[in-house]
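To start, the structure under review is shown below, and the notes come after it.
The values are calculated or read from the model by the stated rules, or taken from the named source; none is laboratory data. Computed from a predicted structure; not experimentally measured. Please note: Cβ atoms are built from the backbone with ideal geometry, for glycine as well, and neighbour counts cover all protein chains shown. Areas reflect the complete protein model, heavy atoms only, side chains present, ligands, DNA and RNA absent. Shrake-Rupley method; radii C 1.70, N 1.55, O 1.52, S 1.80 Å.
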Amino acid sequence: MVSETVPMSRFTNGDAEYNLHNSGEKSPWQGYDGRNGNMASAGTSDTTCHGVTHGEERLPGSVRDTPDNINVNREIYCAPKKAREHTEMTFQAMYNQEYDFDDDDDDDDSDWEPLEKPTTVVKWFCVNCTMVNLDDCVHCDICGEHKESGILRHGYFAPPFLKESGRTEDESEKIERCKDSSSRNLVSENSTAVGFDERMLLHSEVQMKSHPHPERPDRLRAIAASLATAGLFPGQCFPIAGREITKEELLMVHSLDHIESVEITSHFLSSYFTPDTYANEHSAQAARLAAGLCADLTKAILTGRAKNGFALVRPPGHHAGVRQAMGFCLHNNAAVAALVAGAAGAKKVLIVDWDVHHGNGTQEIFEGCKWVLYISLHRHEGGKFYPGTGAAHDVGTKDAEGYCVNIPWSRGGVGDNDYIFAFQNVVLPIASEFAPDFTIISAGFDAARGDPLGCCDVTPDGFAQMAHMLSALSGGKLLVILEGGYNLRSISSSATAVIKVLLGENPRCEENVVPSKSGLLTILEVLKIQLNFWPSLESILLKLQSQWGTHALQDRKKRSRKRQRARVPLWWQWGRKRLLFHVFSRKLQLNVKRF
């Protein structure tokens, strides 16, 4: 999850920008002049696919430069030499040629030539993926979205290649059919609760840098527009009123220093915890609302007022740890929900995190707890993908070893088959043996097809299948919490598909799923590690080894042969070829002499 930024020039009205990157400082708001820019790579954004953050390095606590510190460029008028020798010069004297400007060859009259206006390149940013495009293009070069897309009004139902006003009658009929099908698939009225509050839209980056920040208010607008167009919310789902979480509730998850560092941002126009994790004067309230909605949805589900729920919230939370905010996250919403569930009587809580980035904050909070099982599927690539944590051998600490299950993909482009295969052979067997009383999904949709940061290939049907498989656990007590996801069309269609599952729709499920080679090797590695803690995995590992082991063994033999060839010295390879050449050439000469 992460953005590309360039140094900002200044904030208006003399307001200051503050950096809260070092939360351990006693006075994080002490000032400095200037900052250093730090540019990095991110699968998405240049993307980022997120995997790696882009941003600026800021010294602890920054007060912006005042107008007195800004160097003003002044144009200096330089007259020719002979003209400067006289104290006065009038238009009449110039007309009478009292001053000869052409005698001095050293004079440079280039200043008198009119300056050409610099050519400005007009650009626009795609509302769907935030990528920059030239003004002469009407469709985004990256995702193909129209320049004047209506995705914020109608969600993913808006035609991607036409203006908002260009909807045809056939497309309108398609939307109505979707509404009708959704109503037919409803199990019972008001069975699914949705947590949403428009005040969370006020959390935004104050000044756009190289391009709009990927974690932007439009994410919620696009999902809400899709749900409204489909007639799901408002309509078939009932709302939970927004409530700001209390300081006492947050202390169950975060340290006091962290809570205060988030709260102090409400006094400043703009501040940064990390180069890519911003805050404005409304961010603290938005973070409290997001955590409060997750807490109230948990209580509603456990008390039976709702069958399940979807938390349409931001800022996201799974990177926020006990003492730090990072990766766009301020408060850990999933951790708040889990601890509220425990206080409400749930003895075992399952958290499944399918965001493309590892939820390092959630793992940190619960890595020593046996009553919370944390399972994460994410891009890892040997620790090179953001945030670099979540290796398969990270299994928890102390007595809670085995209650942390990481499924780290070794590459990008992972799609439905690998995720479903991992659910069938790792996630569900371990979760079933754990037998949770309450299930939470950290539902980041940045593993979706087309996401600029995740660069993976999971479809809405894939997310729907995973949600459907998890809904069978804990008696259907399931809370889905929005995390990442930065392609508006992808996240809105995926979130809608998941909510349809919560309402009772059965998605298409494929039984014979064939994983990729890299996905299979990852799952076999995870099974071997987790077998030490979950005995039920033994039969699954033996089955997979019997079915796929021969293919993996063949691949290993091929790789070993290639390595052996590579180890042969170059001079020996050339020597063999030269020897064979001489042998065959001399034999050929002998045969010719015989004739």
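Just to confirm a number: summing +1 for Lys and Arg and -1 for Asp and Glu over residues other than Leu377 whose beta-carbon lies under 11 angstrom from that of Leu377, what do you get?
On the way: positive: Arg379; negative: Asp353, Asp355, Asp418.
Value of the local net charge: -2.
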Within 10 Å, count the other beta carbons around each residue, average over each peptide in 292-303, 443-454, and list them highest first. 443-454, 292-303
Report the relative contact order of the stretch 392-506, percent, no decimals, based on alpha-carbon pairs under 8 angstrom and at least 6 residues apart. 27
Which distance in Å, rounded to a whole number, links the C-alpha centroids of the stretch 365-418 and the stretch 433-504? 17
Estimated inter-spin distance, Gln545 and Glu198, nm [label 7 Å along Cα→Cβ]: 6.0
Kindly flag which residue pairs out of Lys299/Lys528; Lys299/Lys500; Lys247/Lys307; Lys384/Lys517; Lys299/Lys398 have an alpha-carbon separation exceeding 26 Å in this structure. Lys299/Lys528; Lys247/Lys307; Lys299/Lys398
Can you check what the net charge comes to around Ala241, using other residues whose Cβ is under 15 Å from the Cβ of Ala241 (Lys, Arg +1; Asp, Glu -1)? +1
Within the stretch 190-224, name every residue whose backbone N is under 14 Å away from a label modeled 7 Å from Cα of Lys147 along the Cβ vector. none
Integer Hz, Karplus 6.51/-1.76/1.60 couplings in order for the stretch 262-272, x for Gly and Pro: 6, 5, 5, 5, 5, 8, 10, 5, 8, 7, 9
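Take the solvent-accessible surface of the protein heavy atoms, probe 1.4 Å, and return the percent of it on the stretch 433-547 that carbon and sulfur atoms account for. Walk me through the numbers before you get to the answer.
Details: 2020 of 3970 Å².
Within the stretch 433-547, the accessible surface is 51 percent carbon and sulfur.
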If I model a spin label as a point 7 Å beyond the Cα along the Cα-Cβ vector, how far apart are those points for Thr303 and Thr397 in nm? 3.5
Excluding ligands, DNA and RNA, what is the solvent-accessible area per residue of the stretch 270-414 at a probe of 1.4 Å, expressed in Å²? 26
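Just order 248-259, 418-429 by mean Cβ neighbour count inside 10 Å, highest at the front, would you? List each step's numbers first, then the result.
Working: 248-259: 17.8, 418-429: 21.9.
The most tightly packed comes first, giving 418-429, 248-259.
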How large is ³J(HN,Hα), in whole Hz, for each residue of the stretch 528-536 in order, when computed from phi with the Karplus curve 6.51 cos²θ - 1.76 cosθ + 1.60 and θ = phi - 60°, using x for Gly and Pro? 5, 6, 6, 4, 5, 10, 10, x, 5
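Please give the charge dipole size of the stretch 283-434, origin at the Cα centre, charges +1 on K and R Cβ atoms and -1 on D and E Cβ atoms. Round to the nearest 20 debye. Intermediate results must be reported in sequence, preceding the final value.
On the way: 13 positive and 12 negative charges, 104 e Å.
My answer is approximately 500 debye.
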For the stretch 417-471, size of Cβ-based charge dipole, Lys and Arg +1, Asp and Glu -1, in debye: 40
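Which value, in debye to the nearest 20, gives the size of the charge dipole of the stretch 380-481 about its Cα centre, when Lys and Arg are +1 and Asp and Glu are -1 at the Cβ?
Values: 5 positive and 12 negative charges, 17 e Å.
The calculated dipole for the stretch 380-481 is roughly 80 debye.
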Relative contact order of the stretch 463-509, pairs being alpha-carbon contacts under 8 Å that are 6 or more residues apart, as %: 63
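Classify the stretch 415-524 as rounded, prolate or oblate from the Cα gyration tensor: take a ≥ b ≥ c as the square roots of its eigenvalues, call it rounded if a/c is under 1.5, otherwise prolate when a/b beats b/c and oblate if not. Display every interim value, and only then the final one.
Working: a/c = 1.63, a/b = 1.08, b/c = 1.51.
Because a/c hits 1.5 or more and a/b fails to exceed b/c, the stretch 415-524 counts as oblate.
Students often check this: by mean Cβ neighbours within 10 Å, which of 326-335, 461-470 ranks highest, and how do the rest follow?
On the way: 326-335: 29.6, 461-470: 23.1.
Top to bottom by mean Cβ count within 10 Å: 326-335, 461-470.
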Hey, what D do you get for the stretch 354-497 in µm²/s if you plug the Kirkwood alpha-carbon radius into Stokes-Einstein at 20 °C and 1.002 mPa s? 141
State the extension gain, in nm to one decimal, for the chain segment bounded by Lys163 and Ile264, taking 0.36 nm per residue of separation less the distance between their alpha-carbons. 32.1 nm
For His378, which sequence-distant residues (separation of 5 or more, or a different chain) have an amide H within less than 5 Å of its own amide H, given hydrogens modelled in the peptide plane? Ile407, Trp409
